[in-house]
Structure formats: structure tokens, C-alpha cells
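Single-structure report; data block below.
The values are calculated or read from the model by the stated rules, or taken from the named source; none is laboratory data. The structure presented is a predicted model; accordingly, all values stated were derived computationally and were not measured. So basically every Cβ, Gly included, is an ideal-geometry build from the backbone, and we count neighbours across all protein chains shown.
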Amino acid sequence: MRGKQAPKRKILADPKYASPLVAKLINYVMKEGKKSTSQKIVYEAFQIIEDKTKKPAIDIFNEAMKNVSPLLEVKSRRVGGANYQIPIQVRAERRMQLAFRWLLTAARSKKGKPMAIKLSNEIMAAAENQGDAVKKKQDVQRMAEANRAFAHFAR
């Protein structure tokens with residue numbers, strides 16, 4: 001690595017829920033720098049969640065994030081001419097990043113509805129351990145579990 005590593009920027013909590021996790025979600029939803037649009041989408045999705053479940057949306061969202069966050073993942077490593085998929089533990093930061101990515105990919109893959117509705121449906125499904133994002137997490141965990149025999153190659 002050349003030069004210095006870029007400093008970590010502290011993300012300010014979002015105005016409505018005062019949660020840095022929601023602020024990060026807003027940033028991940030954002031496309032082409034349109035933060036106000038992504039804020040509308042996220043807040044509308046949270047409103048839909050509250051209307052349907054009659055519980056605070058932030059609690060449902062936190063539960064969904066917990067259910068989608070992976071503990072293990074596989075990393076490709078070349079040892080003696082062969083590539084091995086080595087299971088490694090996921091750092092907390094990367095765990096959140098993957099969870100956000102999988103949630104949004106799952107929501108964006110659904111067609112025909114506004115993004116707020118798709119996002120709210122995916123968050124509610126993830127909170128109940130269902131949906132595409134949770135399936136993706138389970139696939140990654142299963143892959144890591146299947147390759148547990150190569151764990152001794154990890155540094």
C-alpha cells in the first residue's frame with residue numbers, strides 16, 4: 001500500500017431517528033448524490049413498516065440488520081497451485097456493509113413497485129428471517145461452513 005490510509009469519517013446521525021445506522025442506510029440508498037430523495041425513500045419505507053407492524057420501525061430495522069449480518073465469509077487464497085475458499089470471520093464494519101448491500105440488492109431486484117415499498121417489504125421480511133437478503137447471508141454462511149476444512153490455511 002502506498003501513502004497513508006484515508007481517515008475514517010464519522011457519519012452524523014440522521015435527523016429523524018438520531019441513528020447513525022439509518023444515516024448509513026440513507027447514504028447507501030442514495031444515487032447520483034441525491035440525498036434528499038434517498039431520505040424520502042427511507043423515511044417513507046419506515047412509515048410503511050410502522051403502519052403495517054404497529055411497532056417502531058427502528059426496532060424492526062435493527063432486527064433485520066442483525067438477521068442479515070454474516071458472521072463468516074469465504075476468501076479465496078492460492079496455496080501451492082490450488083485456490084482454496086478459506087472461511088474467515090467478518091469484521092463488524094464489513095458485516096454492516098454486506099448487510100446493507102444485500103438488503104438493497106434484494107429490494108432493487110423486485111420490479112414494478114416504488115422503492116420505498118420494496119425496501120419496507122425487504123426489511124420486514126429480513127426481520128422475520130425471510131427474504132432474499134437473509135437467503136444470501138445463509139448461502140455465504142453455508143459456503144464458509146462447507147469449507148471449514150481449509151480454515152488452517154488462514155493467516
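Taking the conditions exactly as written (in contact (Cβ under 8 Å) with a residue 40 or more places away in the chain, crowded, with 18+ Cβ neighbours inside 10 Å and not basic (Lys, Arg)), does Val140 satisfy them or not?
yes
Out of all the residues in region 13-22, is one or more among the hydroxyl-bearing types (Ser, Thr, Tyr), within 25 Å of Val140 (Cβ to Cβ), surrounded by 14 or more Cβ atoms within 10 Å (Cβ to Cβ) and over 18 Å from the mean Cα position of the chain (by Cα)?
Among the residues of region 13-22, not one is among the hydroxyl-bearing types (Ser, Thr, Tyr), within 25 Å of Val140 (Cβ to Cβ), surrounded by 14 or more Cβ atoms within 10 Å (Cβ to Cβ) and over 18 Å from the mean Cα position of the chain (by Cα), which makes the answer no.
Give the residues of region 15-39 that are charged (D, E, K, R) and outside any helix (DSSP H, G or I), sorted by residue number.
Result: Lys16, Lys31, Glu32, Lys34.
Within region 63-93, can you find the residues that are farther than 13 Å from Glu145 by Cα, in contact with a strand residue (DSSP E or B) (Cβ under 6 Å, 6 or more places away or on another chain) and either surrounded by 15 or more Cβ atoms within 10 Å (Cβ to Cβ) or among the aliphatic types (A, V, I, L, M) (or both)?
Result: Arg77, Tyr84, Val90.
Quick check on Lys10: is it surrounded by fewer than 15 Cβ atoms within 10 Å (Cβ to Cβ), over 30 Å from Arg142 (Cβ atoms), touching a helix residue (DSSP H, G or I) at 6+ places or on another chain (Cβ under 8 Å) and among the basic types (Lys, Arg)?
Spelling it out, it is not the case that Lys10 is surrounded by fewer than 15 Cβ atoms within 10 Å (Cβ to Cβ), over 30 Å from Arg142 (Cβ atoms), touching a helix residue (DSSP H, G or I) at 6+ places or on another chain (Cβ under 8 Å) and among the basic types (Lys, Arg).
State the number of residues belonging to region 30-46 that are in contact with a helix residue (DSSP H, G or I) (Cβ under 7 Å, 6 or more places away or on another chain) and in contact (Cβ under 8 Å) with a residue 40 or more places away in the chain.
Residues flagged as in contact with a helix residue (DSSP H, G or I) (Cβ under 7 Å, 6 or more places away or on another chain) and in contact (Cβ under 8 Å) with a residue 40 or more places away in the chain within region 30-46 amount to 5.
Give me the pairs, please: first residue somewhere in region 72-90 and touching a residue at least 24 places away in the same chain (Cβ under 8 Å), second residue anywhere and among the charged types (D, E, K, R) and in a loop (DSSP other than H, G, I, E, B), beta-carbon distance under 6 Å, and either six or more positions apart or on two chains.
Correct list of pairs: empty, since none qualify.
Restricting attention to region 139-147, does a residue exist that is of a type in the set (D, E, K, R) and modelled with pLDDT under 90?
Yes: one or more hits.
Out of curiosity, is Val29 within 24 Å of Arg94 (Cβ to Cβ), surrounded by 18 or more Cβ atoms within 10 Å (Cβ to Cβ) and in contact with a strand residue (DSSP E or B) (Cβ under 6 Å, 6 or more places away or on another chain)?
Answer is no for this residue.
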